[in-house]
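Okay, so here's the structure we're looking at.
Values in this text are rule-based calculations from the coordinates and carry no lab data. None of these values were measured; they are calculated from a predicted model. Cβ atoms come from the backbone with ideal geometry, glycine included; neighbour counts cover every protein chain shown.
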Amino acid sequence: MKKYLSLAAIPILYCMCLKPNNKLGRMDAFKDYYFAHRGFYDNKKKCPENSIPAFKKAIELGFGIELDVQKTSDGKLVVFHDASLDRICGKDKLLTECTYKELCSYNLTDTKEKIPTLDMVLKTVNGKVPLIIEIKPEGDWKRTTKLLSEKMKKYNGKYCIESFHPLAVALYKKLQPQIPRGQLASDMFKEKDKNNIVIKFLFTNLMLNFLAKPDFIAYNHYYSNNLSYRIIRKLFSVTNVAWTIKSKEELKKARKIFDIFIFEGFIPEK
């Protein structure tokens, strides 16, 4: 009998691990917008990703903005996606190992644009459109999360945070429980992520939701048929965010599952 009871407890524990915040309404204000991935950018022109011109263009077109935050070695919060500067700045260095002064000597793609600080971006946006701020897990993610929380207390615009790191999401929940938060996820096995197999399993299958208690799940729309994610959508009330939509065809298909859409490379119909 005990054996059967133990077996019966497995699916219950599994679902408990998957349970998000399960409170409706916290993301309603974000559902009126499409979110421009790293701003409305074009790396082949004079409007590189995560740059002030890309953010200004998104505001001009009436789109919300998704952006990425990392911490420099001297404690400055800057807006940049990759761990390495190689792809965007042509330097084989990790951003988290550079001072802000050093970053100021590098250009974004073939432009004169520089990596902006979060302060610069917040001043540019100034509450005109909502923000989805991704906390990057590179470097000291705890310090990055705490610095972001302190910075955003002074910001009057609407925003939410997200991260691939469930503990960063959980920490922001502790620091500012009133701010909507999301768990970023994808199929790390299919993407050949470099993390160990345990981390890939836990993160792919959203097994740490019981800690992070996300208000929304931002899942790679290509892998939305993941079993754990399907179970969450079936059992719990949670807002679903699609990333990253790259065409009108993908957007049309994603509408069947998702509530909010992060896009790039095209202009969605209002």
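Once every Cα of the range 96-147 carries one equal point scatterer and solvent is ignored, give the base-10 log of I(q)/I(0) from the Debye formula at q = 0.13, 0.20, 0.27 Å⁻¹, two decimals.
Rounded to two decimals, the profile gives -0.43, -0.97, -1.18.
Tell me, what is the percent relative contact order of the range 196-270, built from C-alpha pairs under 8 Å that lie six or more residues apart? Don't skip to the end; give the middle numbers.
On the way: 75 pairs, mean separation 19.7, N = 75.
Here the relative contact order equals 26 percent.
Please list, by residue number, every one of the GluC sites (Glu not before Pro) in the range 175-270 that is coil in DSSP and has at most 11 other beta-carbon atoms within 10 Å. Present the calculation step by step, with values, prior to reporting the outcome.
Details: sites: E191, E249, E250, E264, E269; in loops: E191, E264, E269.
Those that pass, being in a loop and sparsely packed, are E269.
Three principal axis extents, largest first, for the C-alpha atoms of the chain, in Å?
Largest first, the chain extends 70, 40, 36 Å along its Cα principal axes.
Collect residues whose amide H, placed 1.01 Å from N in the peptide plane, falls under 5 Å from the amide H of Y159; neighbours closer than 5 in sequence don't count.
L131
Residue by residue, what Karplus-based ³J(HN,Hα) values in Hz, rounded to whole numbers, does the range 116-130 have, using 6.51, -1.76 and 1.60 with θ = phi - 60° and x for Gly and Pro?
Rounded to whole hertz, the list is x, 6, 4, 4, 4, 5, 5, 5, 5, 6, 6, x, 5, 9, x.
In terms of modelled amide H atoms, which long-range or inter-chain residues lie less than 5 Å from the amide H of A218?
Residues meeting the amide H criterion: Q183, L184, A185, V241.
Magnitude of the Cβ-charge dipole of the range 30-88, K/R +1 and D/E -1, about the Cα centre, nearest 20 debye?
Values: 10 positive and 9 negative charges, 36 e Å.
It comes to approximately 180 debye.
Using alpha carbons only, how many angstrom separate the centre of the range 75-91 from the centre of the range 209-228?
After rounding, the separation between the Cα centres reads 26 Å.
Going toward the positive end of the dipole of the range 180-270, with +1 on Lys and Arg Cβ and -1 on Asp and Glu Cβ, which of H221, W243, P180 do you reach last?
The residue sitting farthest along the positive end of the dipole is H221.
Could you tell me the relative contact order of the chain? Use alpha-carbon pairs under 8 Å, at least six residues apart, and round to a whole percent.
Numbers: 520 pairs, mean separation 54.4, N = 270.
20 percent.
Return the FRET efficiency for the residue pair S84, F266: r is the Cβ-Cβ distance, R0 is 25 Å, and the value is rounded to the nearest 0.05. Spell out each step's value before the answer.
Details: r = 27 Å, r/R0 = 1.09.
Efficiency, rounded to the nearest 0.05: 0.40.
Please get the size of the charge dipole for the range 180-270, origin at its Cα centre, with Cβ charges of +1 on Lys and Arg and -1 on Asp and Glu, quoted in debye to the nearest 20. Walk me through the numbers on the way to the answer.
Details: 16 positive and 9 negative charges, 41 e Å.
For the range 180-270, the charge dipole is close to 200 debye.
Kirkwood hydrodynamic radius for the range 114-224: how many Å is it when counted over pairs of different Cα atoms?
On the way: mean 1/r = 0.0675 Å⁻¹.
About 14.8 Å for the range 114-224.
What is the pair-distance distribution P(r) of the range 152-208, computed from all Cα-Cα distances in 5 Å bins starting at 0, with each bin given as a whole percent?
Bins of 5 Å from zero give 4, 18, 26, 18, 13, 10, 8, 3, 0 percent of pairs.
Give me the dipole magnitude in Debye, nearest 20, for the chain about the Cα centre, with unit charges on the beta carbon: positive for Lys and Arg, negative for Asp and Glu.
Details: 48 positive and 30 negative charges, 157 e Å.
I would put it at about 760 debye.
Can you run phi through the Karplus equation (6.51, -1.76, 1.60; θ = phi - 60°) for the range 195-201 and list ³J(HN,Hα) in whole Hz, with x for Gly and Pro?
These are the phi-based 3J(HN,Hα) values: 5, 5, 5, 5, 4, 4, 5 Hz.
Please give every one of the lysines within straight-line cross-link reach of K101, meaning a C-alpha to C-alpha distance under 18 Å, and leave out same-chain neighbours fewer than 8 residues apart.
Cα-Cα hits under 18 Å: K71, K76, K91, K93, K112, K114.
If you find the alpha carbon centre of the range 31-71 and of the range 140-186, how far apart are they in angstrom?
Between the Cα centres of the range 31-71 and the range 140-186 lies a distance of 20 Å.
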